[in-house]
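Down below is the structure, laid out as structure tokens.
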Amino acid sequence: MYKRPQQVVTVAEAIKKLEHYCAYQERCHQEVEKKIATYSLIPEAKEKIILHLLAHNYLNEERFAKSFARGKFSIKKWGKNRITQELKIRHISTRNITTALSDIENSEYLKTLNELAIKKLDTIKETDKFKKRKKLADYLLYRGWESHLVYEKTTTLIP
């Protein structure tokens, strides 16, 4: 497998590049550390860069979690379970995950679930109501919606 050679940069150049990297889009620590690893730097320099980004508010886990949750919910129509799972993969703290999910309005959340379920139901060609219900439930569960909400929605849409 081809491995890209590491760039040789000074600490000042790395800070400037990473400031731009973080300003362009919200980033989590894991993404920034991965980016720093592409530069030939000593561990002390890596730590100095991360501290600089934190001190100048380029790197903020809570802001990242909120932005991530908001984006995945509104654009990809993910449920809270999937968002939580993805944030945990990125090593975001439970407190930040809870804060991010609390920003999602409950009425908006249920409205989105309803729209998503109806849209998917129109595409399911199955005639057997139990198989149809299972296909809809599997789709919604994969998208990260809570099982009790999925069960409620599938039973009301497919009586």
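The criterion of at least 1 residues that are out of contact with any Gly (no Cβ under 9 Å at 6 or more places or on another chain) and of a type in the set (Ser, Thr, Tyr) is met, among helices (runs of 4 or more DSSP H) falling completely within the stretch 76-159, by 94-102, 106-123, 129-142, 147-157.
Per-residue answers, yes or no, for (1) among the small types (Gly, Ala, Ser); (2) touching a residue at least 60 places away in the same chain (Cβ under 8 Å); (3) part of a helix (DSSP H, G or I):
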site	(1), (2), (3)
31	no, no, yes
36	no, no, yes
46	no, no, yes
59	no, no, no
65	yes, no, yes
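Checking each residue in the stretch 135-154 for being surrounded by 15 or more Cβ atoms within 10 Å (Cβ to Cβ) and either of a type in the set (Ser, Thr, Tyr) or over 11 Å from residue 113 (Cβ atoms) (or both) picks out 135, 136, 137, 139, 141, 154.
Going by the structure shown, is residue 16 modelled with pLDDT under 90, among the charged types (D, E, K, R) and farther than 20 Å from residue 68 by Cβ? It is false that residue 16 is modelled with pLDDT under 90, among the charged types (D, E, K, R) and farther than 20 Å from residue 68 by Cβ. Inclusion of residue 76 among residues that are at pLDDT 90 or above, more than 15 Å from the chain's Cα centre (by Cα), more than 30 Å from residue 16 (Cα to Cα) and basic (Lys, Arg) is not warranted.
The values are calculated or read from the model by the stated rules, or taken from the named source; none is laboratory data. Here the structure is a predicted model, which means the values were calculated and not measured. Backbone-built Cβ (ideal geometry, glycine too); neighbour counts: all protein chains shown.
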